[in-house]
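Here is the structure we will look at.
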Amino acid sequence: MDAEVYGRVCSRHPVSHRAWSRLLAGPVALGGAASVAEVVLALTRPDMLLPGSGWIGPGGAGGPLTAVWMLTLGPAAVLMAAMLRWLPRGYLDVRERGLVWGTAWRARGRRWEDVRALDVRRGTVFTAPSPTPTGLYYRCTVVFADGSRVTFRDNTAGYAALEKQLWRRCPAAVGLPPEQQRWRRWRWAWPAGALLLLAADAAAWRYVSSAPAEREVREEGRTRLVQNISDGRLVAISTGMLIVLALALVCLFVTLWHLWGPTSGDRG
């Protein structure tokens, strides 16, 4: 794209991921350590990963270690994917005849008359402005006539001034109607998901706690006692319960975010 067709640059707003990089450091280190520990134990001491070993609870070390690296590296991968959209050297340019955004490798732009709406959300009970912006306190989605969108957050330099420029240069733009706000379409899915996940965890816990330790098996005319829930199944159930519990907490967090958190902005 030839960005020059949009005129000279009036202001440039770089996107910084310094805070996100710091947030990623802990989960990546913890998840990496857990995955390496599980691989090393599987190669050297596989018995420590099984129930009855006495390591990290009655289920052995396998379940907790798997849950740790899945719950840390999974969200880290999502955050990395969001960062990659603005790497390397992401920016937004306010130009004479339109808005240009992109990275050092690619760029896109729209004319001011193509801007139809702005969806501004700022402030939550969980986040507040900080000296090192995290991208969680503020979000502005610019909606264009063809339905495409671009979103910038408070980790964009001068984000408040950029929003004012958009309102000033786009007189036809309005606050995005609630029925077109994507997050509202799924606002009831989060509490419903939390309840379903907690119910699944409760059912799994009841199954494990109420099941007898041994059961009778008749083979070749003889009866013998065998373990009712195998070691492999117990590891799988305990790992799944930890993951499901974490997902339920995420759903509850998003539910609170939607109930008490963001406020949508409009033309001031």
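Odds and ends about this structure:
- The peptide list 169-175, 151-157, 237-243, 209-215, put in order of mean Cβ contacts within 10 Å with the highest first, becomes 151-157, 237-243, 169-175, 209-215.
- Between amide H atoms placed 1.01 Å from N, distances below 5 Å from residue 98 occur with 112, all of them 5 or more places distant or on a separate chain.
- The stretch 208-256 - Kirkwood radius from inverse mean 1/r over Cα pairs (Å): 13.5
- Which of 235, 40, 120 is most accessible, then next, and so on - probe 1.4 Å: 40, 235, 120
- Phi angles of the stretch 158-172 translate, via the Karplus equation with coefficients 6.51, -1.76, 1.60 and θ = phi - 60°, into HN-Hα couplings of x, 5, 5, 5, 5, 4, 4, 4, 5, 4, 6, 8, 10, x, 7 Hz per residue; Gly and Pro are given as x.
- Label-point gap, in nm, between residue 200 and residue 164 - each point 7 angstrom along Cα→Cβ: 4.8
The values are calculated or read from the model by the stated rules, or taken from the named source; none is laboratory data. Keep in mind the model is a prediction, meaning the values are calculated, not measured. Here the Cβ is made from the backbone with ideal geometry for all residues, glycine too, and neighbour counts use every protein chain on show. Protein only, heavy atoms only, side chains kept; ligands, DNA and RNA dropped before computing areas. Shrake-Rupley method; radii C 1.70, N 1.55, O 1.52, S 1.80 Å.
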